[in-house]
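Working notes for the structure below.
The values are calculated or read from the model by the stated rules, or taken from the named source; none is laboratory data. Not measured: the values here are computed from a predicted model. No Cβ is skipped: glycine too gets one built from the backbone with ideal geometry, and neighbour counts run over all protein chains shown.
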Amino acid sequence: MRLRHFAGLATATTVVLGAVLPLPTASAAEGDTLYVNPNLPCSTGGGGTAEHPYCRIQDAVDAAKPGQTVYVARWTQAYPEAVQVRSSGTTDKPITITTGAWTEQSDETTAQIEAGSAPAFSFRNGVHDVIVRNFGIGLGGQTARVVDSPRITIDHVAQFFSPSSYQRGAVEVSGGSDDFRLTRSAINSAEAAVLVEGSSRAVISTNDISSAKVAVATDNAPYTAVTNNTLQQECHTVVRLTGDAVGSQIHNNVITTTGTTGEGCTDPLITIEQGNGAEYVATNLTHNLLHSAGGAVPYLWGDKTFETPEKLAEFIAPFLSPEQGPPSGTADLLGDPQLAEDGYSYDGLGTTSPAIDSADAKAIGTLDTDLNGHPIVDDPQVADAASGSGHRDRGAFELQSLGLLAPAVNGGPGPYPLKVTVTAKPARQNWPTKVSYSVDFGDGTAPVASATPSAEHVYQKSGKFTVTLTQTDQDGHAYSFQGNRLAVVNEPGLPSVAFTATPCTTSRSTDCLKPLSYVIDTTGSTSPWPITDYAVDYGDGSPVSHTPAVPHVYRAAGDYTVKVTATDAGGQTGTLTKTVGIGYRPSLFSGYSPTRVADTRTGSHPAKIGPGGKLTLKVGNGGVPAGAAASAVVLNVTAVAPTGGGFLAVAPGGTDRPTSSNINYTAGGIVPNLVTVPVGSDGTVNVWNGHTGASVDVVVDSLGEYNPEYGHQYSPLAPARLMDTRYGIGVPKGKISSACATKLQIRGKAGVPAGASSAVLNVTVTEPDRDGFLTVGHTMSSSNLNFRAGQTVANQVTAPIDADGTVTICNTGGAIHVVADVFGYYAADGGSLFTPVPPKRLTDTRSDGTGAIAGGAFHAVASGAPAGATGAVLNVTSAGSDRGGYLTVWADGRQRPGTSSVNFAAGQIVPNHVTTPLGANGQFDVYNFQGTTDVIADLFGYFTKPQP
């Protein structure tokens, strides 16, 4: 089967059968239609109205009553359904299941079903009086399986290919399914294309059927009519009747084997198993065009073969009385049907085909149109050899005077008054004829007559109009074709611009993977004319762009004034300017054992960072080991041996020096701190040394990354103590020695679940007997805390959890006590996502009017995170304390935990990274244990629940 165009019909086709084989027609009452349309908001049990349709064909079919129509809208994909029809109609009120009609130009209005190995439509257990019309059946299983279900009609469907592995026939009818009809359809099958068993009065009419085996096969199916079909087979029997075939009629068909020539293709074209007097009398074959590429005999009836129609007729004639009509073989022809592209189908008739005007218009099962819905016409170049009307062609396609037109609609969309032209190349003529044309522009004005297939029209009102070009031959046969698109006419006006700035997530381009990569979506912008250009001013000083969908990378997060100007095809412009917040995408965390990525004391050019200087680290590409789309990295930054006092600040690369700080150092000290820092749009982070500071070495270890595309979610916990070697909490009591020998159980403790991958700990070293450093991990090549003999030092650690649910603590500083408090954990789901922000100062009690916090008091701080935030990442600093102590940070409105976040000695400036839950009001509290101290808190990001 090579079907080029499968034309839709305006009215139902009837069958010329007389009183013997009546055809039911649909007669649903006005408005009695159930709609299926998943392109709209739909439901499985809805009312089935056009506004509130069903989502599935099955649900609508189950709800259908006699006389109702189930209308299935074309979907953007095939319906993945195997529809089981369980509802029945009546002879005068069948149920009709239909979709949009195939058009001459395309199948775009027709719904397609892909049911896999199952039948697209199945009928069982006495279902009756149902019509299925206009569907496309995708690659896979059967078109229909009909079992014990009378008066089922399959009309105008296309089975693109039915493989042999699934069934015996693309259309399979059995078990008393009387009065079945397959009409005006295209079937392509690797098995028997149409198989009818144990059922009477089937009509197989006006179909284009091809198969690798038999095209039509019946078994014990008396009174079957096989009429006006184009039946193709590669090498074997094309039509086979076995068992009881009495009363069967084979008329007006083109029956051909076309694939293989020469020896081997010897199977008869038509085989009728039972050969006796009753069969010879009641079964009739006339007006068929038979052709075998391999030279096979056309007929095998019983055990007798017949090489020509004349020999068959001569054999059958003695069994007939004069009133019983001509014998089988009468008016059958042997010859090449010359199947060719006729302007509508590749299986149409060539202009000299012997099938033209040679069929029997009175044959049982004859329709009043061909497969494409075209009328029966007279070819004036061919002498009429047909009976009945005298003009009927054999096969499924009637050769028409004129071929296909493809009207092109030019002009618009635009405002009225709008000039639109319609043009088409003249159609092919299968015989000479005078042609006139008219164009209906669809707006209620009179059609425009033309001597050529073109016309122009000026629309004076808005709307979407279907343009129809009609060609009429000299005999009055008219052929109408819709334009390639609607004529769209709008109200006059200027462009109206709408836009949103959204993070780039769909492209895999390099720019899209960078942090702060945004695209401008102009969806919703309108204009009477098509918009031909968008000019985007991103508000960051970059050049104006005319490609808003191409990712734009901002240098830094913040608010920007973005202006979009639209220009339409009419030369009109419109502009929209608004403030857009640019920020990092919510991200997931991936942790790993500490990895050293920078040490200014080593390398080919070791050098301290001087006052006002900076160290730039590249994320990925041999630098910080993070993914290309990383939005933030978690670092342990250590200031080593400064020549004086000062501070370090860590910030996104490509941005200005921040006003916040992460590490405060004094001469000769070793000061570590955990830092969570956004990655700059250039893929770097900067470690800045203060302008008023001293020269200092810097050591950087990487512990993990935040990435919007992969990783784990964070769940905050009420801070809880897991380890204190001074009291034997979590591990045996007593100092730990210099080794990687201490394992601390994490999973199953203080709310950390079995699926946790990393834990957020605040680790404190106290009473060390000599200088050293501590690492939470399995290596001594990097550090989390650096300490001097006798010093108390705390630092937050994000530590990967080992398979046994523990973390390993490595110590190089002799005997030390260690305290560890848990603040949260990371796991695959159930938690929150992290959104980095540029460092932002939340409070500085030295300057914001709060004043130093007294011992036993607390200070509530607003985090600035959005409503619903579950936690925040902070850098909290104690400054100017009058005695040693500690700070505790926790969620506002909850009970203060017995843990510490920052440990300090009198007079020190001590920062620490803090990951804390937030109260329902978005605040956190800072408690001072004793003495007085000022507190500085900077925000580096916040946690929120994933959007559903």
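Taking the conditions exactly as written (farther than 18 Å from Thr638 by Cβ, outside the structural domain of Leu703 (by TED's automatic domain parsing) and modelled with pLDDT under 90), does Gly814 satisfy them or not? Yes; evaluated as a whole, the condition is true for this residue.
On the given criteria, is Val439 surrounded by fewer than 17 Cβ atoms within 10 Å (Cβ to Cβ), out of contact with any Asp or Glu (no Cβ under 8 Å at 6 or more places or on another chain), among the aliphatic types (A, V, I, L, M) and more than 30 Å from Thr183 (Cα to Cα)? Even if it seems obvious, please write down each step before you answer.
On the way: surrounded by fewer than 17 Cβ atoms within 10 Å (Cβ to Cβ): no; out of contact with any Asp or Glu (no Cβ under 8 Å at 6 or more places or on another chain): yes; among the aliphatic types (A, V, I, L, M): yes; more than 30 Å from Thr183 (Cα to Cα): yes.
Taking the combined requirement at face value, the residue does not satisfy it.
Filtering region 442-472 to residues that are in a loop (DSSP other than H, G, I, E, B) and surrounded by 20 or more Cβ atoms within 10 Å (Cβ to Cβ) leaves Pro453, Val467.
The rows are residues; the columns are (1) in the same structural domain as Asp844 (by TED's automatic domain parsing); (2) at pLDDT 90 or above; (3) closer than 30 Å to Phe904 by Cα; (4) within 45 Å of the chain's Cα centre (by Cα).
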position: Gly622; (1), (2), (3), (4): no, no, no, yes
position: Ala628; (1), (2), (3), (4): no, no, no, yes
position: Ala632; (1), (2), (3), (4): no, yes, yes, yes
position: Ala639; (1), (2), (3), (4): no, yes, yes, no
position: Thr643; (1), (2), (3), (4): no, yes, yes, no
position: Phe647; (1), (2), (3), (4): no, yes, yes, no
position: Ile663; (1), (2), (3), (4): no, yes, yes, no
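Got a sec? Which of Gly476, Gly493, Gly463, Gly483 is under 30 Å from Ala427 (Cα atoms) and either assigned by TED's automatic domain parsing to the domain that holds His391 or touching a Pro at 6+ places or on another chain (Cβ under 7 Å) (or both)? I'd like the intermediate steps shown before the answer.
Numbers: Gly476 fails: either assigned by TED's automatic domain parsing to the domain that holds His391 or touching a Pro at 6+ places or on another chain (Cβ under 7 Å) (or both); Gly493 fails: under 30 Å from Ala427 (Cα atoms); Gly463 fails: either assigned by TED's automatic domain parsing to the domain that holds His391 or touching a Pro at 6+ places or on another chain (Cβ under 7 Å) (or both).
Just one listed residue meets the conditions, Gly483.
Scanning region 403-424 for residues that are touching a His at 6+ places or on another chain (Cβ under 8 Å) and over 24 Å from Gln460 (Cβ atoms) yields a total of 1. The numbered conditions (1) under 52 Å from the mean Cα position of the chain (by Cα); (2) of a type in the set (A, V, I, L, M, F, W, C); (3) within 23 Å of Val203 (Cβ to Cβ) are all true for Ala340 except (3).
Restricting region 665-694 to residues that are closer than 12 Å to Thr616 by Cα, of a type in the set (A, V, I, L, M) and in a strand (DSSP E or B), the residue that is modelled with the lowest pLDDT is Val685. Among the residues of region 908-948, not one is part of a strand (DSSP E or B) and free of Cβ contacts under 8 Å to residues at least 60 places away in the same chain.
Which residues, taken from region 344-355, are touching a Gly at 6+ places or on another chain (Cβ under 9 Å) and either buried (at least 24 other Cβ atoms within 10 Å of the Cβ) or in a strand (DSSP E or B) (or both)? Scanning region 344-355 gives Tyr344, Asp347, Gly348, Leu349, Ser353, Ala355. Answer yes or no: is there a residue in region 556-576 that is among the aliphatic types (A, V, I, L, M) and under 29 Å from the mean Cα position of the chain (by Cα). No, there is no match, as no residue in region 556-576 is among the aliphatic types (A, V, I, L, M) and under 29 Å from the mean Cα position of the chain (by Cα).
Got at least one residue in region 876-888 being closer than 23 Å to Ser631 by Cβ and outside the structural domain of Pro658 (by TED's automatic domain parsing)?
Here is the first cut: in region 876-888, the residues closer than 23 Å to Ser631 by Cβ are 876.
Okay, now just the ones that are also outside the structural domain of Pro658 (by TED's automatic domain parsing), so 876.
Yes.
Applying a threshold of 8 Å to beta carbon distances and a minimum spacing of six or more residues, or different chains, the list of pairs starting in region 304-324 at a residue that is over 17 Å from Ile270 (Cβ atoms) and ending at one that is loosely packed, with under 14 Cβ neighbours inside 10 Å reads Phe319/Gly277.
Within region 397-434, the set of residues being within 24 Å of Ile531 (Cβ to Cβ) and part of a loop (DSSP other than H, G, I, E, B) comprises Gly411, Gly412, Pro413, Tyr416, Pro417. Within region 510-548, the set of residues being aromatic (Phe, Trp, Tyr) and more than 24 Å from Val489 (Cβ to Cβ) comprises Tyr518, Tyr538.
Tell me which strands (runs of 3 or more DSSP E) are completely within region 18-94 and hold 3 or more residues being closer than 21 Å to Gly116 by Cβ, of a type in the set (Gly, Ala, Ser) and at pLDDT 90 or above, or say none if there are none.
none
Just one of the listed residues (Ser901, Ser878) is crowded, with 18+ Cβ neighbours inside 10 Å, under 23 Å from Tyr665 (Cβ atoms), of a type in the set (Gly, Ala, Ser) and under 49 Å from the mean Cα position of the chain (by Cα), namely Ser901. Looking at (1) assigned to a strand (DSSP E or B); (2) within 22 Å of Gln895 (Cα to Cα), find the lone condition where Ala750 falls short. Tallying (1) assigned to a strand (DSSP E or B); (2) within 22 Å of Gln895 (Cα to Cα), Ala750 fails exactly one: (1).
Of the residues making up region 571-609, those that are farther than 30 Å from His778 by Cα and among the aliphatic types (A, V, I, L, M) are Leu576, Val580, Ile582.
This table checks each residue for (1) hydrophobic (A, V, I, L, M, F, W, C); (2) in a helix (DSSP H, G or I); (3) free of Cβ contacts under 8 Å to residues at least 40 places away in the same chain; (4) surrounded by fewer than 22 Cβ atoms within 10 Å (Cβ to Cβ).
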position	(1), (2), (3), (4)
Ile209	yes, no, no, no
Ala217	yes, no, no, no
Arg240	no, no, yes, no
Ile250	yes, no, yes, no
Asp267	no, no, yes, yes
Thr271	no, no, yes, yes
Leu285	yes, no, no, no
Gly294	no, no, no, yes
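The single condition among (1) buried (at least 24 other Cβ atoms within 10 Å of the Cβ); (2) at pLDDT 95 or above that Gly169 does not satisfy is (2). Looking across region 700-742 at every residue that is among the charged types (D, E, K, R) and outside any strand (DSSP E or B), the one that is surrounded by the fewest Cβ atoms within 10 Å (Cβ to Cβ) is identified as Lys733.
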